[in-house]
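Quick notes on the structure that follows.
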Amino acid sequence: MRCDEVAAMLPMLVDDASTPPNLAVEHHVESCLRCQAELARYRRLLRTLHQLRTRFIEPTPGLLGETLAAIEEAAERRAVRSILSGRRLAYAGAIGGTAVATAATALLIARSRRRSGPTLKLAS
Ligand SMILES: [Zn+2]
């Protein structure tokens with residue numbers, strides 16, 4: 001047997017107790033250092049995965065409060081940012097509206113002066 005064929009069968013060798021032992025695979029692993037190392041890595045991986053399944057991490061006492069405070073801070077920052085961007089739009093609109101009104105007023109004044117013409121005549 002070749003090593004790559006054995007590597008594909010290693011999970012069955014370790015995991016599945018219901019399958020009958022494959023003597024050719026076992027014989028190859030006993031005589032091949034590379035496959036023994038692969039088998040050891042696979043068993044270590046399975047042990048680690050099993051530990052992860054049963055291991056619980058205790059949170060530190062203040063973790064919940066710190067997390068909630070961080071969430072609240074982030075929400076406040078976002079709200080302030082959205083208010084500020086809304087005010088910028090309002091200021092820009094107000095400035096634009098004032099400019100348009102000033103220009104219209106100036107145009108009306110200029111027209112009314114042109115129509116009426118000079119009214120003051122000096123008599124000598
Ligand atoms: Zn091998």
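The values are calculated or read from the model by the stated rules, or taken from the named source; none is laboratory data. Please read all numbers here as calculations on a predicted model, not as lab measurements. Positions of Cβ are generated from backbone atoms using ideal geometry, with glycine treated the same way; all protein chains shown enter the neighbour counts.
Remarks
- Condition check for residue 71: more than 16 Å from the ligand (Cβ to nearest atom) and either charged (D, E, K, R) or at pLDDT below 90 (or both): no
- Look at the stretch 1-16: where a residue is under 12 Å from residue 40 (Cα atoms) and not assigned by TED's automatic domain parsing to the domain that holds residue 44, no partner that is small (Gly, Ala, Ser) and near the ligand (Cβ under 8 Å from one of its atoms) sits 6+ places away or on another chain with Cβ atoms under 7 Å.
- Where helices (runs of 4 or more DSSP H) fall entirely within the stretch 22-124, those with at least 3 residues that are more than 30 Å from residue 6 (Cα to Cα), free of Cβ contacts under 8 Å to residues at least 60 places away in the same chain and not β-branched (Val, Ile, Thr) are at 63-116.
- Scanning the stretch 1-21 for residues that are assigned to a loop (DSSP other than H, G, I, E, B) and either exposed (fewer than 10 other Cβ atoms within 10 Å of the Cβ) or not β-branched (Val, Ile, Thr) (or both) turns up 1, 2, 15, 16, 17, 18, 20, 21.
- Subset of the stretch 1-26 [modelled with pLDDT of 85 or more and among the acidic types (Asp, Glu)]: 4, 5, 26
- For residue 106, the stated conditions do not hold, so it cannot be described as surrounded by 10 or more Cβ atoms within 10 Å (Cβ to Cβ) and modelled with pLDDT of 90 or more.
- Residue in the stretch 7-28 that is within 16 Å of the ligand (Cβ to nearest atom), in contact with a His (Cβ under 7 Å, 6 or more places away or on another chain) and at negative phi present: no
- Here the stretch 38-61 is the region considered, the condition is being surrounded by 11 or more Cβ atoms within 10 Å (Cβ to Cβ) and either of a type in the set (A, V, I, L, M, F, W, C) or over 16 Å from residue 14 (Cβ atoms) (or both), and the residue that is nearest to the ligand (Cβ to nearest atom) is 39.
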